[in-house]
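In what follows, a structure is listed as structure tokens, so that the remarks can point back to it.
The values are calculated or read from the model by the stated rules, or taken from the named source; none is laboratory data. Just so it is clear, the structure is predicted and the values come from calculations on it, not from any experiment. Cβ: placed from backbone, ideal geometry, glycine included. Neighbour counts: every protein chain shown. We work out accessible area using only protein heavy atoms, side chains counted, and drop any ligands, DNA or RNA first. Shrake-Rupley method; radii C 1.70, N 1.55, O 1.52, S 1.80 Å.
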There are 4 protein chains.
Amino acid sequence: MISISSSRQPASAILLIHCPDSKGIVATVSEFIYKNNGNITNLDQHVDIKRQIFFMRVEWELDNFIIPDNKIGEYFDTLIAKKFDMQWQLHFSHEVPRMALFVSKQPHCLYDILSRWRSLELEVEIPLIISNHPELEPVARQFGIDFHWFEINGGNKQEQEQVQLRLLAERQVEFIVLARYMQILSAAFIGHYKNRIINIHHSFLPAFPGAKPYHSAFERGVKVIGATSHYATEELDAGPIIAQDIIRVSHADSVEDLIRKGRDLEKVILSRSIWHHVQRQILVYQNQTVVFS
Amino acid sequence: MISISSSRQPASAILLIHCPDSKGIVATVSEFIYKNNGNITNLDQHVDIKRQIFFMRVEWELDNFIIPDNKIGEYFDTLIAKKFDMQWQLHFSHEVPRMALFVSKQPHCLYDILSRWRSLELEVEIPLIISNHPELEPVARQFGIDFHWFEINGGNKQEQEQVQLRLLAERQVEFIVLARYMQILSAAFIGHYKNRIINIHHSFLPAFPGAKPYHSAFERGVKVIGATSHYATEELDAGPIIAQDIIRVSHADSVEDLIRKGRDLEKVILSRSIWHHVQRQILVYQNQTVVFS
Amino acid sequence: MISISSSRQPASAILLIHCPDSKGIVATVSEFIYKNNGNITNLDQHVDIKRQIFFMRVEWELDNFIIPDNKIGEYFDTLIAKKFDMQWQLHFSHEVPRMALFVSKQPHCLYDILSRWRSLELEVEIPLIISNHPELEPVARQFGIDFHWFEINGGNKQEQEQVQLRLLAERQVEFIVLARYMQILSAAFIGHYKNRIINIHHSFLPAFPGAKPYHSAFERGVKVIGATSHYATEELDAGPIIAQDIIRVSHADSVEDLIRKGRDLEKVILSRSIWHHVQRQILVYQNQTVVFS
Amino acid sequence: MISISSSRQPASAILLIHCPDSKGIVATVSEFIYKNNGNITNLDQHVDIKRQIFFMRVEWELDNFIIPDNKIGEYFDTLIAKKFDMQWQLHFSHEVPRMALFVSKQPHCLYDILSRWRSLELEVEIPLIISNHPELEPVARQFGIDFHWFEINGGNKQEQEQVQLRLLAERQVEFIVLARYMQILSAAFIGHYKNRIINIHHSFLPAFPGAKPYHSAFERGVKVIGATSHYATEELDAGPIIAQDIIRVSHADSVEDLIRKGRDLEKVILSRSIWHHVQRQILVYQNQTVVFS
């Protein structure tokens, strides 16, 4: 089941590619689109000189494109991708991605995402919110979204994650946003949504990973605090970074001030990352992101 | 006379293009490079949807490129540019641009540029410094650069500009940087160096154009001050903007504090713009810039 | 009727002062507090050297303070303020200010404020939301706040404002926040809430005042866009600035991108200004603010 | 020997204080100044609530002050400091501090500091530059400053530091700036200049301490890079932080781009910290700074 957005017009295809660098990739891909009557509206490429890897995002209008939507992938793979040993993904601008939110007790990221969604800034479907605490159920209800409380204790985590995974599959969730979800996901769980779980960490990583980063920042006497969004990986707070930003603080700021100021960063950075993800602007390679924005 | 840089290796060609948007431009240009054995190391394109204009910057390695350097322009024009009604410029990474500096009394931008140049961060030749005041001659001498003082008074501006233009032509100056040059250039002068005169203005334009922007900012009680670099045009402080940035200020800052804090912005923004210009990353279209960086 | 906050402990008094500068003000005020058994937890002062005006914000714990709360103002005025020709305001940290929101059709600032309020980040009471359009009523209802729609047309503005003023008085509103209220208030209306109406304008003022600043910014080709919060005054977008910030944009951003990116700025800047106002950190003098933060 | 600045007028005294918090400190200190006919032009205080420590910076005009300059310290100590168990420093605005620069091979911070000094933005005396490499001697010569090259090898560091210390003492150096000095100072050396050695580290500490932070940042795929100035302490890159800032980077930036962009941060942050130090705005307490700016 794929939802169709009526507002994103005209429909376009988005191809994300990476492969070993060689001559002629841009020429070949753009010719493929051109000859089949596609109009490229956006093309970004990047060569990682050191690793000799070529990255590309190309978007073209599907109006009048000769190859039918459901055959583009097959044709591209046969005619081009194999030749250049490409890893590729194909997306369509009119498909609306299905996103699940994981939360704990803090509402600021949740509110921010839901208000962007409600005001149509963020075009996604949100079939459900999952939490390890009951506190935010009223927020979910306020916005009319299913809320599922999974109490996690010392012994039941694996079991609860199994139920969560079934639920996510049932609801056809494509990607997950950890909106200040204060519970570590197992490697097994993460493995099901590789590069599809966006987390926000409340520090400028790699500084202050793990618990209570604002307290650590305060103790260290830093003059800036930050927030970092990244794709969750097995190793905590070590996944590919999507976006980071900072805000200045001073000696006059208490830990509570840092927490308060940091919230603004967290919500903006997390929502910006969701935007990039939904716009299909992110490519992951060896624990780093290429963000074509 | 063209100076050749030994440090920028391997040599590459840079093509800057704009033309009415149509299908197949990327394919055609990249195929031109590919078929002649060029390896694209960088390609950026942008479509101004509203005006239907296509912009592109493409850079490729010249090693093994079939067309000789001095024929690339001709071939490209004949085979491709005419077909798409393109405006284009061709540059070579190993050519070192010749830059003149215009200054008045304030040394901070001058020092910043010269120290970047001396430490090889900025690969340009600086055949001369021109000033309407004698104060900065010692700085020029410190760095071993010719300094020319042109006193400008009510009556002699046109005449002095004529001498300046001759001098610039003699020294084969390609572009001019107004490093806090506090004298308005005539339209005639600017016409000789269209989109090749980089100015720094000490406000976030379009706020506070003209004289004494820090004083005006102070009077208005703003909480940020800015600096803006742009290509000089006939209309004062109204040319295409290259770069802008700001710094936060507060009620505790006096006009003198604004001036002091602003200097850091001015020099960083101006030098960043020179960098973009020298890297051939800037395209100008209808009083706006496309900066591919 | 004054609401009492239970969370802000211990209770403290906040005095905001400005007066002609002279020797001994700090000594006199701090001695007044000290001798009456108050413990100063915060003292900020600023001298506007040019205008020779002294500004001060001092906060002290009321626990054990000898003068009763309802007499502090009188005593201070008699014993000190008159001597130094002071303008002063006295506030108590445990009083919860009553804030009205004015909105039109755009929900992002409204959502941001309401979610901060609901999650207790912002300690205010919000007795009502006023709008010139009906669109945002569901948001008000979501958060359980009275929503009043006042249709404004060519002829009825004065009359509608009269009704609004009565309503605001009835509900004991202390200050007003224009959360993207797209309707100009009359000078008469503003006069009732001098320095108590916070507006957010979607540009870095004084650039781009008035309508459609993002469109103007796009046309000008700026490389940063901004947002400015200020107290509304009779002259449009010319009131004392409270806070400003910017975000970088590029040639690749459409007007729609500017609008989208700008929303994040607007809501953060507006909410930060409400915070300053509620914390009694702002002094206004001659169309400028002193923000002790 | 103390140099006297003629430009900083009128002369003022600056007192930096910290002590256990208690009632009446502000009242007592400001009364001391007031009763002796001093006019306070600036007063900042801060209470570290958690640790119950009071910090204060107060500046007053000496014109007409009853106590002679050379007796102020004694009187203050006797009458006030002892009572409150204060740590204090007294400075005079017309004293010009003597600063030594330590450099290695990279010139950007050195150039930046020297050009600010030469253009009188930075009012210090620079009796000498010390380096562990000979490369920057020409820069020192350009600005007419003594340059001392100390080759450091495996065995001679202690001995060389002894010679450096003697030289610094001879030249009456008050504080030291490590302007990208790539050599670790011994604990013994640092002990001689406690909280008087300003270092610039090219990362946002505590991320990426030690060698090659830009390379580590590149490997981690961060989206911001930073610079941090701090007072050098025995533990490497762990001293009290004075200032920090960041600049955004992207996947398109190579390590060389990070290094280039970082240079602008390093020089601005380092010079800003020197400014704070020279303005006597910094108090150090338990490995943190209070910067009254």
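In nm, one decimal, shortest first: how far is the label point of B:Asn156 (7 Å from Cα along Cα to beta carbon) from the matching points in the other copies?
In nanometres, ordered from closest: 5.7, 7.2, 9.1.
Tell me what the protein assembly as shown gives for mean residue ellipticity at 222 nm when only DSSP H runs of n ≥ 4 count, each as -39,500 (n - 2.57), the sum divided by the residue total, rounded to 500 deg cm²/dmol.
-9000 deg cm²/dmol
Probe radius 1.4 Å, ligands and nucleic acids left out: which of B:Lys82, B:Lys23 has the largest accessible area, and how do the rest follow? Each step should come with its number before you reach the end.
Values: B:Lys82 145, B:Lys23 65 Å².
If we order B:Lys82, B:Lys23 from most to least accessible, we get B:Lys82, B:Lys23.
Need one number: % antiparallel among DSSP beta bridges in the range C:166-293, to the nearest 5.
85
How far apart, in nanometres, would the label points at B:Asn64 and A:Leu120 be if each is projected 7 angstrom from Cα along the Cα-to-Cβ direction?
Label at B:Asn64, label at A:Leu120, 5.2 nm between them.
In whole Å, what is the distance between the alpha-carbon centres of the range B:84-105 and the range D:62-109?
Centre-to-centre (Cα) distance: 52 Å.
Need the per-residue list for the range C:207-251: every residue with at least 40 Å² less accessible surface in the complex of protein chains than in the chain by itself, probe 1.4 Å, sorted by number.
C:Phe218, C:Glu219, C:Arg220, C:Lys223, C:Val224, C:Ile241, C:Gln244, C:Ile246, C:Arg248, C:His251
Please figure out what share of the DSSP beta bridges in the protein assembly as shown is antiparallel and state it in percent, rounded to the nearest 5.
Roughly 75 percent of the beta bridges in the protein assembly as shown run antiparallel, per DSSP.
If you roll a 1.4 Å probe over the heavy atoms of the protein chains, what accessible area per residue do you get for the range D:107-206, in Å²?
The answer is 41 Å² per residue.
Taking each pair of distinct Cα atoms in the range A:60-109 once, what is the resulting Kirkwood hydrodynamic radius in Å?
This gives a value of 14.3 Å.
Shortest first, in nm, what separates the label point of A:Leu79 from those of the same position in the other copies (7 Å along Cα→Cβ)?
Between copies, matching label points for A:Leu79 lie 2.3, 8.9, 9.1 nm apart.
Mind jotting down a quarter of the surface of the convex hull over the alpha carbons of chain C, in square nanometres, one decimal?
Here the figure is 16.8 nm², rounded to one decimal.
If you count only protein heavy atoms and use a 1.4 Å probe, how large is the accessible surface of A:Tyr75, to the nearest 10 Å²?
Accessible area, nearest 10 Å²: 90 Å².
Once the mean 1/r over all distinct Cα pairs of the range B:104-192 is inverted, what Kirkwood radius in angstroms do you read off?
On the way: mean 1/r = 0.0726 Å⁻¹.
It works out to 13.8 Å.
What is the residue of chain A with the smallest Cβ distance to the axis taking A onto D, and what is that distance in whole Å?
Value returned for chain A: A:Ala207, 2.
Taking the simple approach of a point 7 Å from Cα along Cα-to-Cβ for both D:Lys82 and A:Gln87, what is their distance in nm?
Label at D:Lys82, label at A:Gln87, 7.3 nm between them.
Tell me, what is the percent relative contact order of chain B, built from C-alpha pairs under 8 Å that lie six or more residues apart?
Values: 525 pairs, mean separation 43.9, N = 293.
Taking the mean separation of contacting Cα pairs over the length of chain B, I get 15 percent.
How far apart are the D:Gln52 label points across copies, placing each 7 Å from Cα toward Cβ, in nm, shortest first?
Output for D:Gln52: 4.4, 6.7, 7.6 nm, nearest copy listed first.
Could you order peptides A:223-233, A:112-122 by the average number of other Cβ atoms within 10 Å of their residues, highest first?
Descending mean neighbour count gives A:223-233, A:112-122.
Apply 1/(1 + (r/R0)^6) to the Cβ-Cβ distance of A:Glu74 and B:Arg248, taking R0 = 56 Å, and write down the FRET efficiency to the nearest 0.05.
0.55
How many partner chain Cβ atoms sit within 10 Å of a residue's Cβ in peptide D:112-119, on average, as a whole number?
Per-residue shielding by partner chains comes out at 5.
Using protein heavy atoms only (no ligands, DNA or RNA), what is the total accessible area buried between C and B, 1.4 Å probe, nearest 100 Å²?
Answer for the C-B pair: about 2700 Å² buried.
Let me know the Kirkwood hydrodynamic radius for the range A:157-293, please, with Cα pairs as the basis and the value in Å to one decimal.
Kirkwood hydrodynamic radius for the range A:157-293: 15.7 Å.
Can you give the accessible area of D:Leu236, probe radius 1.4 Å, in Å² rounded to 10?
Approximately 90 Å² for this residue.
Could you please tell me the mean projected area of the C-alpha convex hull for the range D:1-156, averaged over all directions and given in square nanometres to one decimal?
If I average the Cα hull's projected area over directions, I get 13.1 nm².
Give me the distance in nm between label points sitting 7 Å out from Cα along the Cα-to-Cβ direction at A:Gln286 and D:Ala169, one decimal.
Going by the 7 Å Cα→Cβ label model, 5.3 nm.
Just to be sure I follow: if Rg is taken over the C-alpha atoms of the protein assembly as shown and Rh is the Kirkwood radius over the same atoms, what is Rg/Rh?
Computed over Cα atoms, the ratio is 0.96.
Which whole number gives the average count of other chain Cβ atoms within 10 Å of the Cβ atoms across peptide A:261-271? Mind showing how you got there, number by number?
Working: counts 2, 0, 3, 8, 1, 0, 5, 5, 1, 0, 1.
Taking all residues of A:261-271 together, the mean is 2.
What's the average, rounded to a whole number, of partner chain beta-carbon atoms within 10 Å of each residue's beta-carbon in B:17-29?
Numbers: counts 0, 0, 0, 0, 3, 1, 10, 9, 4, 11, 11, 4, 3.
Mean partner-chain Cβ count within 10 Å for B:17-29: 4.
Once fully extended, how much extra length lies between B:Asn42 and B:Lys212, figured as 0.36 nm per residue of separation less the alpha-carbon to alpha-carbon distance?
Using 0.36 nm per residue and subtracting the Cα-Cα distance, I get 57.1 nm.
Summarise the long-distance tail of P(r) for the range D:150-216 by giving the % of C-alpha pairs beyond 18 Å.
Values: 1003 of 2211 pairs.
Above the 18 Å cut-off, the range D:150-216 has 45 percent of its Cα pairs.
How many angstrom lie between the C-alpha centres of the range D:114-153 and the range C:140-194?
Cα centroid to Cα centroid, the span is 64 Å.
Roughly what % of DSSP beta bridges within chain A run antiparallel, to the nearest 5?
75
Kirkwood Rh over alpha-carbon pairs of the range C:237-293, then Stokes-Einstein at 4 °C and 1.567 mPa s: what D in µm² s⁻¹, rounded to an integer?
After rounding, the answer is 100 µm²/s.
Please determine, in degrees from 0 to 90 and to the nearest 10, the orientation of helix D:108-118 with respect to the longest principal axis defined by the Cα atoms of chain D, where the helix direction is its Cα long axis.
For helix D:108-118, the angle is close to 40 degrees.
Cα gyration tensor of the range B:184-265, axes a ≥ b ≥ c as square roots of the eigenvalues: rounded (a/c below 1.5), prolate (a/b > b/c) or oblate? The partial results should precede the final answer.
Values: a/c = 2.87, a/b = 2.32, b/c = 1.24.
Prolate is the answer for the range B:184-265, as a/c is 1.5 or above and a/b outweighs b/c.
Quick one: with all protein chains in place, what share of the accessible area of chain C is carbon or sulfur, to the nearest percent (1.4 Å probe)?
Whole-percent figure for carbon plus sulfur exposure: 50.
Using the Cα gyration tensor of the range D:80-151, with a ≥ b ≥ c the square roots of its eigenvalues, what is the shape: rounded (a/c below 1.5), prolate (a/b larger than b/c) or oblate (neither)?
Verdict is prolate for the range D:80-151.
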